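J.: Before I ask anything, let me first share the structure, which is written out below as structure tokens.
The values are calculated or read from the model by the stated rules, or taken from the named source; none is laboratory data. Since we're looking at a predicted model, the values are computed, not measured. Cβ coordinates were reconstructed from backbone atoms using ideal geometry, including for glycine residues, and neighbour counts include every protein chain displayed.
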Amino acid sequence: MNKKLCIPFVVLVVVSTILAAFASVAAEEPKKIVIGWAPPDITGVFATATNFFQASVDDANKNGFDVNLITQSVTSHTAFADQVAIIEDFIQRNVDVIAISPVEVDVVKPVLQRAVEAGIPIIVVNMLEPIEGVDASTYIGFDNTVGGEISAYAVLDYFGGPGVLGSGEKVDIAEDQYLDAEFWKGLYENLSDEEKSNIKARGAIIEGIAGDFFSNARLQGFHNVVDEFPGIELVGNTCAADWNREKGVKCMEDFLQANATNLDFVWAASNEMGLGAMLTAQSANRLEVASETPTIGDETVAVFTNDLTPESVDRIAEGKIIAETTHGFADWGWFGGQFAVQLACGETVPSTYDIRPRTAYLVNARQFYPTPVLPSIDWAEIGANCK
């Protein structure tokens, strides 16, 4: 062989080997993904959702990904323009995926569609109903109307109807029974008029933001059920507390002042407002503690609510909240992280993921927190299909 040709050949081989090694290393580097998450706040229920969103991201990072979750929330549930500004900021940052729980659906429509047009997939959390005019990739949530209905069934159960809570006919259930819409409707759909009339209680309602989508849906669901039971009397006007604990306190103070006796229950359409109502009744020595023989026409008031967080599970376990409809906030975050990574990888995700609302009460409360049972995510398969 010509020795003059040998050196360049050796150099070529060495260079090729080095380049191949660099290519191999580059191929093994985890895909960098940035997720923008815009909840209405990061307290209460959305603190839970955000914590499990981060837990899902951390799980991805332990399994070969490089994911960064950016969380930005508004200062209040009425700061509509601020959430628009947050989404605009995510678009400017060119994040890979945007997840949002809208504070008001109509307000965020235009900016969400601008994100889609910029090539950013959208995950809508806290609702299943498609937002007209927005090509969102997926919806993770529950039917808010069904959530209100399930809370209403818990009230009926506690005050004399069939079920698991109060003085009515007790139903045998499995330890892991889902007390969801199918369960409750099956119990109540064939009750006679006399049986319906025997369920009696006087109550009041604390709603969210008067007139908004979420509050209207939960309120409608509650009425869908209780309005069929003539023995359930709703007193006074529905009090709007804007999903806020302190305003829930004020609503409860007003209810207690107006009803020195004969207020049997309060239903608050959200967890934060319900905790405010519970604390107020407790301070006034008028809080009903969970019992198989509820007091009717007494001074104590039973509190029912919606959402479910680690804090409220503690109160349920103490009997201070009679029942709460869980909407799966841990699930929102866990699956939100999974779907966001899949969308960033160019993979297909379900168009909707329905987390069925169900009843949490004294007996089953610890099935939800502090350690909710969530399915493992197959990150290896997601990584193998990632583009």
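Matching residues to (1) assigned to a strand (DSSP E or B); (2) surrounded by 16 or more Cβ atoms within 10 Å (Cβ to Cβ); (3) within 20 Å of the chain's Cα centre (by Cα); (4) not assigned by TED's automatic domain parsing to the domain that holds F214:
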position	(1), (2), (3), (4)
L263	no, yes, no, no
M273	no, yes, yes, no
V289	no, no, no, no
T295	no, no, no, no
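J.: W334 is checked against (1) in contact with a Phe, Trp or Tyr (Cβ under 6 Å, 6 or more places away or on another chain); (2) among the aromatic types (F, W, Y); (3) not assigned by TED's automatic domain parsing to the domain that holds D66 and fails just one. What number does that condition carry?
T.: It fails just one condition, (3).
J.: What pairs come up if the first residue lies in region 80-98 and is not assigned by TED's automatic domain parsing to the domain that holds D242, the second is exposed (fewer than 15 other Cβ atoms within 10 Å of the Cβ) and in a loop (DSSP other than H, G, I, E, B), and their beta carbons are under 6 Å apart, counting only those six or more places apart or on different chains?
T.: Partner pairs satisfying both residue conditions: I91/A118.
J.: Scan region 305-325 and report the pairs whose first residue is at positive phi and whose second residue is of a type in the set (S, T, Y) and crowded, with 21+ Cβ neighbours inside 10 Å, with Cβ atoms within less than 6 Å and a gap of 6+ or a chain change.
T.: Once the first residue is at positive phi and sits in region 305-325, its partners that are of a type in the set (S, T, Y) and crowded, with 21+ Cβ neighbours inside 10 Å give D307/S270; L308/T326.
J.: Would you check which residues across region 164-213 are within 19 Å of V266 (Cβ to Cβ) and surrounded by 17 or more Cβ atoms within 10 Å (Cβ to Cβ) and list them?
T.: The answer is L165, G166, I199, A201, R202, G203, A204, I205, I206, E207, G208, I209.
J.: Would you point out the residue of region 322-333, among those that are surrounded by 24 or more Cβ atoms within 10 Å (Cβ to Cβ) and assigned to a helix (DSSP H, G or I), that is nearest to the chain's Cα centre (by Cα)?
T.: Ranking the candidates gives F329 first.
J.: Moving to a separate point now. Mind checking which residues of region 58-91 are in a helix (DSSP H, G or I), out of contact with any helix residue (DSSP H, G or I) (no Cβ under 8 Å at 6 or more places or on another chain) and under 19 Å from L343 (Cα atoms)? Can you show your working first?
T.: If we filter region 58-91 for residues that are in a helix (DSSP H, G or I), which is where we start, we get 58-61, 80-91.
From what is left, the residues that are out of contact with any helix residue (DSSP H, G or I) (no Cβ under 8 Å at 6 or more places or on another chain) are 58, 61, 82, 85-86, 89.
Within region 58-91, D58, N61 meet the criteria.
J.: Something else now. Would you confirm whether any residue within region 139-155 is of a type in the set (A, V, I, L, M), part of a loop (DSSP other than H, G, I, E, B) and surrounded by 24 or more Cβ atoms within 10 Å (Cβ to Cβ)? Before you say what the answer is, go through the steps one by one.
T.: The first filter runs over region 139-155 and keeps only residues of a type in the set (A, V, I, L, M), leaving 140, 146, 150, 152, 154-155.
With the extra rule that they be part of a loop (DSSP other than H, G, I, E, B), the set shrinks to none.
No; the residues of region 139-155 include none that is of a type in the set (A, V, I, L, M), part of a loop (DSSP other than H, G, I, E, B) and surrounded by 24 or more Cβ atoms within 10 Å (Cβ to Cβ).
J.: From the list S137, S167, exactly one residue is among the hydroxyl-bearing types (S, T, Y) and out of contact with any strand residue (DSSP E or B) (no Cβ under 7 Å at 6 or more places or on another chain). Which is it? Walk me through how you get there before you give the answer.
T.: Numbers: S137 fails: out of contact with any strand residue (DSSP E or B) (no Cβ under 7 Å at 6 or more places or on another chain).
None of the others qualify; the one that does is S167.
J.: Right, next: Of all residues in region 357-374 being surrounded by fewer than 18 Cβ atoms within 10 Å (Cβ to Cβ) and either touching a residue at least 40 places away in the same chain (Cβ under 8 Å) or part of a helix (DSSP H, G or I) (or both), which is farthest from the chain's Cα centre (by Cα)?
T.: Initial filter on region 357-374 (surrounded by fewer than 18 Cβ atoms within 10 Å (Cβ to Cβ)): 363, 366-367, 370-371, 373-374.
Those still in the list that are either touching a residue at least 40 places away in the same chain (Cβ under 8 Å) or part of a helix (DSSP H, G or I) (or both) too: 363, 366-367, 370, 374.
Details: V363: 21, R366: 17, Q367: 16, P370: 16, L374: 14 Å.
Among residues in region 357-374 that are surrounded by fewer than 18 Cβ atoms within 10 Å (Cβ to Cβ) and either touching a residue at least 40 places away in the same chain (Cβ under 8 Å) or part of a helix (DSSP H, G or I) (or both), the one farthest from the chain's Cα centre (by Cα) is V363.
J.: Return the residues of region 99-122 that are in contact with a Gly (Cβ under 6 Å, 6 or more places away or on another chain) and either hydroxyl-bearing (S, T, Y) or in contact (Cβ under 8 Å) with a residue 40 or more places away in the chain (or both); say none if nothing qualifies.
T.: A99
J.: Now for a separate question. Find the helices (runs of 4 or more DSSP H) located wholly in region 177-255 whose residues include 3 or more that are within 24 Å of the chain's Cα centre (by Cα), and list them. First the steps, then the outcome.
T.: Values: elements: 181-188, 193-197, 213-226.
In region 177-255, the matching helices (runs of 4 or more DSSP H) lie at 181-188, 213-226.
J.: Working carefully through the options V155, V116, V84, find the one that is closer than 25 Å to K320 by Cβ and at pLDDT 95 or above.
T.: Exactly one of V155, V116, V84 is closer than 25 Å to K320 by Cβ and at pLDDT 95 or above, namely V155.
J.: Spot the failing condition for Q220; the list is (1) surrounded by 24 or more Cβ atoms within 10 Å (Cβ to Cβ); (2) modelled with pLDDT of 95 or more; (3) among the polar types (S, T, N, Q), and only one is missed.
T.: (1)
J.: Ok, one more. If I filter region 41-66 down to residues being at pLDDT below 95 and aliphatic (A, V, I, L, M), which single residue comes out as farthest from C345 (Cα to Cα)?
T.: This residue is V45.
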